[in-house]
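Here the structure comes first, spelled out in structure tokens, and everything after it is commentary.
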Amino acid sequence: MSTSSTIGAPDRRGTLLGHPKGLFILFFAEMWERFSYYGMRALLVLYLTKHFLMSDRESGLVYGAYTSLVYITPVIGGYLADHYLGQRKAVLFGGILIAVGHILLGIEGDGGQGGFAMNAFWLALAFIIVGTGFLKANISAIVGQLYPRDDMRRDPAYTIFYMGINVGGMLGPVICGILGETVGWSWGFGAAAIGMLAGIVVFVLGKPLLLGRGEPAEPEKLKAPVIGPVSREWSIYILSVLSVGGVALLLHHHDVVGWLLVACGVGVVAYLLWEAFGRLDRVDRDRMLAALFLLALNPLFWALFEQAGSSLNLFTDRHVDRWIFGMEIPASVFQSVNSMFIILLAPMFAGLWIMLGKRGLEPSTPAKFGLALVQVGLGFLALVAGANWAGLDNPTPLIFIFLIYLLHTMGELCLSPVGLSAMSKLGLARMAGLMMGVWFLATAAGDFIAGLIAATIGSLSEGASDPMLVTLSVYQTVGLSGIGVGVVVLLLAPFVKKLMHLDKLKEG
Ligand code: GLN
């Protein structure tokens, strides 16, 4: 222990606000990446339905496949970085692919389906997906590497980093949304591209401040030729660029993405159960079962939450009164509300848990998951109630869009950071990477289901006399289901908490 604390003595040189300066390089690089991701995501469904004239159903499916693939690929990107590239090279390569994707999105064409612009569009999404696979998980991993294992600043560092994510998530939809919807689509996507390029510049210039973290474990292995004279490093880059074509095809065949998720899900659950019952002692087995319980709830939450960029974005565009001070605000701009609430509420939630914790009243992790589901469900019911109150012949007042995002953000704060930390606590150290990967995989499944829900709203609306009513009735059903499952989870929470054996965790 004494050795580790000597090695791990915090290096106070070159710090800013008590943290290594490298943290702020990662903060700004990820801020710009999220700026581009959320800026583009805010426009995506509107672009599909208004520019490429896709049906709501089809655009819901594309949105679901896209957001789902964005969260599947980090599992592979994380593996390649851990074993070969190191995180820094992976982040840089990922950033370049993402920027290429956003630049390709600038090819608008004349609209309508088919043609060169449509193909460029599929390729662009695939570039962003593969790029995010290399960037997203790895940039978060470097954050942790800036600190010794026992450094108390690690958790606050992730909180600061999460703020960077949401500053980007707040600014992206405002800037790209306004440019894209009012000046021209390619202006919006162009702004996203510039954002990603700014992130790359920050990351490259800030390299010395990363203190050599995230470098490849075995650089010689990386230089060794594997395909003819081509080194392992370049082989990875070339094969990844080639894989973009395959991912573009997957986007077309979204049902295959669904089956891939089912296959991976079954495989992962089977593996974790095999570990639990075959290899782990009683305490670790219980913990694994608790982790599986939480993992099963993750897709439910994101399936509801991720209506934001798809059906809720379209609802805001078509049925909400977006006039503020004599100006009609584009729907995409409201995609920033979630990040804005995160920035405002995250410190309050952190304080709330500490305050409740001191009184022994802090809800357990499974109880927080239950609360998350109840809140995400309540969000939908609040919007439905607001729309009914205003009358279905009138546009829904904007305040209810803020209300649904407020409740959804409070849910997110009860589930997303809590879930990540639970995964790192409940799995064994040797499974740390795997458990994070599985968490992202569960998120991907949720995003895919979100696409199916949005597509269902789309197909039910086709030919319906009142499409707004259709959306509201689906929202009511999913809202009630969220609350129902959330209540059951709250009732089960004390039993699941026992399975987590937290007392022994502290001793260990
Ligand atoms: N908003 C967070 C981010 O963009 C988390 C999103 C998620 O886990 N689905 O990183």
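Within the stretch 252-336, considering only helices (runs of 4 or more DSSP H) that don't extend past its boundaries, which have at least 1 residues that are within 16 Å of the ligand (Cβ to nearest atom), on the phi < 0 side of the Ramachandran plot and small (Gly, Ala, Ser)? Steps first, answer last, please.
On the way: elements: 254-274, 282-305, 311-319.
Where helices (runs of 4 or more DSSP H) fall fully within the stretch 252-336 and carry at least 1 residues being within 16 Å of the ligand (Cβ to nearest atom), on the phi < 0 side of the Ramachandran plot and small (Gly, Ala, Ser), they are 282-305.
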What's the number of the condition ILE76 fails, among (1) under 19 Å from ILE98 (Cα atoms); (2) buried (at least 24 other Cβ atoms within 10 Å of the Cβ)?
(2)
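Here's the yes/no breakdown for (1) within 16 Å of the ligand (Cβ to nearest atom); (2) in contact with a helix residue (DSSP H, G or I) (Cβ under 8 Å, 6 or more places away or on another chain); (3) more than 20 Å from ILE178 (Cβ to Cβ):
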{"site": "MET31", "(1), (2), (3)": "yes, yes, no"}
{"site": "LEU43", "(1), (2), (3)": "no, yes, no"}
{"site": "LEU48", "(1), (2), (3)": "no, yes, no"}
{"site": "TYR63", "(1), (2), (3)": "yes, yes, yes"}
{"site": "TYR66", "(1), (2), (3)": "yes, yes, yes"}
{"site": "LEU69", "(1), (2), (3)": "yes, yes, yes"}
{"site": "THR73", "(1), (2), (3)": "yes, yes, yes"}
{"site": "TYR79", "(1), (2), (3)": "no, yes, yes"}
Residue pairs qualifying under the 9 Å Cβ cut-off, at least six apart or on distinct chains, with the first in the stretch 484-505 being of a type in the set (Asp, Glu) and the second being assigned to a helix (DSSP H, G or I), are none
(1) in contact with a Ser or Thr (Cβ under 7 Å, 6 or more places away or on another chain); (2) more than 23 Å from SER231 (Cα to Cα); (3) within 16 Å of the ligand (Cβ to nearest atom) all hold for HIS102 apart from (3)
Quick one: which residue in SER240, SER235 is touching a residue at least 60 places away in the same chain (Cβ under 8 Å) and in a helix (DSSP H, G or I)?
SER240
Is the stretch 107-120 home to any residue that is within 16 Å of the ligand (Cβ to nearest atom) and either at pLDDT below 90 or not in a helix (DSSP H, G or I) (or both)?
no
For the structure I just gave you, tell me whether GLY360 is assigned to a helix (DSSP H, G or I) and more than 22 Å from THR471 (Cα to Cα).
no
Of ALA157, ALA192, ALA117, the only residue that is closer than 22 Å to LEU48 by Cα and touching a His at 6+ places or on another chain (Cβ under 7 Å) is ALA192
Can you name the number of the only condition in (1) in a helix (DSSP H, G or I); (2) more than 24 Å from VAL489 (Cβ to Cβ) that ASN394 fails?
(1)
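Here's the yes/no breakdown for (1) within 22 Å of VAL485 (Cα to Cα); (2) modelled with pLDDT under 95:
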position: ALA308; (1), (2): yes, no
position: ASN313; (1), (2): no, no
position: HIS319; (1), (2): no, no
position: PRO330; (1), (2): no, no
position: PRO347; (1), (2): no, yes
position: GLY360; (1), (2): no, yes
position: LEU383; (1), (2): yes, no
Quick one: which residue in LEU171, LEU222 is away from the ligand (no atom under 14 Å from the Cβ), assigned to a helix (DSSP H, G or I) and surrounded by fewer than 22 Cβ atoms within 10 Å (Cβ to Cβ)?
LEU222
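Could you list, in sequence order, the residues of the stretch 50-59 that are outside any helix (DSSP H, G or I) and either within 13 Å of the ligand (Cβ to nearest atom) or on the phi < 0 side of the Ramachandran plot (or both)? Steps first, answer last, please.
Initial filter on the stretch 50-59 (outside any helix (DSSP H, G or I)): 51-55.
Those that are outside any helix (DSSP H, G or I) and either within 13 Å of the ligand (Cβ to nearest atom) or on the phi < 0 side of the Ramachandran plot (or both): HIS51, PHE52, MET54, SER55.
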Identify, please: which residue in the stretch 390-425 is within 16 Å of the ligand (Cβ to nearest atom) and of a type in the set (Gly, Ala, Ser) and is, among those, farthest from VAL374 (Cα to Cα)?
SER424
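Test of understanding: among VAL418, VAL485, which residue is within 13 Å of LEU294 (Cα to Cα) and under 21 Å from the mean Cα position of the chain (by Cα)? First the steps, then the outcome.
Working: VAL485 fails: under 21 Å from the mean Cα position of the chain (by Cα).
None of the others qualify; the one that does is VAL418.
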Within the stretch 144-166, restricting attention to residues that are modelled with pLDDT under 85 and in a helix (DSSP H, G or I), which residue is surrounded by the most Cβ atoms within 10 Å (Cβ to Cβ)?
PRO156
Set SER459, SER424, SER416: member being of a type in the set (S, T, N, Q), under 24 Å from LEU261 (Cα atoms), free of Cβ contacts under 8 Å to residues at least 12 places away in the same chain and out of contact with any strand residue (DSSP E or B) (no Cβ under 7 Å at 6 or more places or on another chain):
SER416
Check VAL241, VAL269, VAL262 and return the single one that is of a type in the set (A, V, I, L, M), under 30 Å from PHE203 (Cβ atoms) and surrounded by fewer than 19 Cβ atoms within 10 Å (Cβ to Cβ).
VAL241
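The values are calculated or read from the model by the stated rules, or taken from the named source; none is laboratory data. As the structure is a prediction and not an experimental result, all values here were calculated from the model. Virtual Cβ from ideal backbone geometry, glycine too; neighbours counted across all protein chains shown.
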